[in-house]
Amino acid sequence: MTAPNPYVKQYLMTAGPTPLPPRVLSVMAEPVVYHRAPDFDALLARVLDRLPVVFGTANDVMVFAASGSGAMESAVANLVAPGDPVLACAAGKFGERWIELGEAHGADVVRYEPGWGARLDPDEVDRILGECPEIQVVFATLSETSTGVVHDVQALAEVVRSHDAMLVVDAVSGLGATPCRQDEWGIDVVVTGSQKALMTPPGLAFVSASARALEHAAQRPGGTYYFDWQRTVGELRKDTPATPFTPAVSLLAGLDVALAMIEEEGLERVLARHDLLARAARAGIAAMGLELFGDPDERATVVTAVELPAGIDGAKVPGLLRKRGITANGGQGQLKGRIVRIAHCGYFGAFDIIVSLAGLEQALAELGHDVELGAGVAAAQRVFLEADVGTVAPPA
């Protein structure tokens, strides 16, 4: 087997896992501390103090050793009993996960599926809830990573509240990359994971549940053991906050540093950086003569999904990028071979976007597509020059 070329530098350009800041990597290499000792108590307290700022909430944020899907399952397990009617809104692979989780837990799932790449329509949710007044819980997605579309969960929350139901939002890829103001917008439950904009490896799941959601969950005991919100919140509210089970100590140490970096940059500047990176990516794609997939708008600051041109074998694009040291997301499910996704959530800066666009131009040219090399790169550079690239570099 031929050894990899050490001079082909590796660039992780996926929407999860995302690149890790050196400071995060460094602290996770330190000796593991005991999770019932004062050093860990102080670490957990810092994490629990910083997390609500990113969620935009005064709620306790629960932490589980799990993937983001674990946080999603915890919401279904705590809020839904077998036979309960729920509304699951799905416009991509991860929206469909709400359907699958609801069915796995025996819920009577009402589906709202406008199609992959479409935006969820609050008016349609309003209509469905009007026809099904027995629905108490609605599941939706903030950032649909499979399509690049960011949904208007603020408008969805307003509609859901008007029907006296609760909205649960999957913000696994969106939290920290696009606005999600839980308390201000009246979202009952927000779930996320560590491996996207929170700049930490996979393995941590987070849940922020309102008092109303916690009360609703308390009336449905027995749906889960490990993900039991009552047990978890009870531990968090002790004089010395704790976790009911062994936590992922090293991951929490990394998260502590990542949250400190977000705090140093300031959440609004973090969101502005993501917005600028997305605008540059879209400008580069347009200059290459390519189209965005689906119906994204200015909220789409997490990942840019690009329709690959007809006449090429789109399934080869991720491999050709990998040959150049760039690991990027192709399409999932029904979109395999049809799109490529340029990520910009978490530890990304301006030159990450330029590298991604340059690699895509070369891959398309190698596949025989008529692309002007440098056109996309130049368009992105102009966006960054107008904004002053120094203002969007990740903190040192």
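Observations on the model:
- Helices (runs of 4 or more DSSP H) enclosed by the stretch 298-396 - at least 1 residues per element that are among the acidic types (D, E): 350-366, 375-387
- Residue list for the stretch 59-77, filter: surrounded by fewer than 24 Cβ atoms within 10 Å (Cβ to Cβ) and of a type in the set (G, A, S): A65, A66, S67, S69, G70, A77
- Pick from the stretch 210-222, criterion in a loop (DSSP other than H, G, I, E, B) and under 19 Å from V138 (Cα atoms), ranking: least open to solvent (accessible area, probe 1.4 Å): S210
- Boolean, E96 is under 24 Å from Q154 (Cβ atoms) and open to solvent by 10 Å² or more (accessible area, probe 1.4 Å): yes
- Here is the figure for the stretch 283-307: residues that are free of Cβ contacts under 8 Å to residues at least 40 places away in the same chain and within 19 Å of the chain's Cα centre (by Cα) total 1.
- Selected residue (only one of V27, V80, V47 is modelled with pLDDT of 95 or more and buried (at least 23 other Cβ atoms within 10 Å of the Cβ)): V80
- Residues satisfying the stated conditions in the stretch 116-135, i.e. open to solvent by less than 60 Å² (accessible area, probe 1.4 Å) and in contact (Cβ under 8 Å) with a residue 40 or more places away in the chain: W116, G117, A118, I128, L129, C132, I135
- Failed criterion for A258 (all others in (1) open to solvent by less than 10 Å² (accessible area, probe 1.4 Å); (2) over 20 Å from L175 (Cβ atoms); (3) of a type outside the set (D, E, K, R); (4) in a helix (DSSP H, G or I) hold): (2)
- Spans of helices (runs of 4 or more DSSP H) in the stretch 1-100 with at least 3 residues small (G, A, S): 68-79
For every residue, the table says whether it meets (1) open to solvent by less than 20 Å² (accessible area, probe 1.4 Å); (2) outside any helix (DSSP H, G or I); (3) not aliphatic (A, V, I, L, M).
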residue: F206; (1), (2), (3): yes, yes, yes
residue: T224; (1), (2), (3): no, yes, yes
residue: Q230; (1), (2), (3): no, no, yes
residue: V233; (1), (2), (3): yes, no, no
residue: T246; (1), (2), (3): no, yes, yes
residue: E264; (1), (2), (3): no, no, yes
residue: H274; (1), (2), (3): yes, no, yes
residue: R279; (1), (2), (3): no, no, yes
residue: A286; (1), (2), (3): no, no, no
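- Pairs are defined by a Cβ separation below 8 Å, a sequence spacing of at least 6 or placement on different chains, a first member in the stretch 20-31 that is at negative phi, and a second member that is of a type in the set (D, E); the pairs so defined are V27/D256.
- Number of residues in the stretch 136-158 that are crowded, with 21+ Cβ neighbours inside 10 Å and over 17 Å from the mean Cα position of the chain (by Cα): the value is 4.
- Selection from the stretch 66-93 of residues that are under 17 Å from the mean Cα position of the chain (by Cα) and over 23 Å from D183 (Cα atoms): A66, S67, A90, A91, G92, K93
- Every pair of residues 6+ apart whose Cβ atoms lie under 6 Å, when the first sits in the stretch 72-92 and is without any contact (Cβ under 8 Å) to a residue 60 or more places away in the chain while the second is crowded, with 24+ Cβ neighbours inside 10 Å and among the acidic types (D, E): G92/E144
- Restricting the stretch 343-352 to residues that are open to solvent by less than 10 Å² (accessible area, probe 1.4 Å) and farther than 17 Å from T145 by Cα, the residue that is nearest to the chain's Cα centre (by Cα): G349
The values are calculated or read from the model by the stated rules, or taken from the named source; none is laboratory data. Just so it is clear, the model here is predicted, and its values are computed rather than measured. FYI the Cβ positions are ideal-geometry reconstructions off the backbone, even for glycines, and counts take in every protein chain you see. Accessible surface is based on the protein model in full, side chains and every heavy atom, while ligands, DNA and RNA are left aside. Shrake-Rupley method; radii C 1.70, N 1.55, O 1.52, S 1.80 Å.
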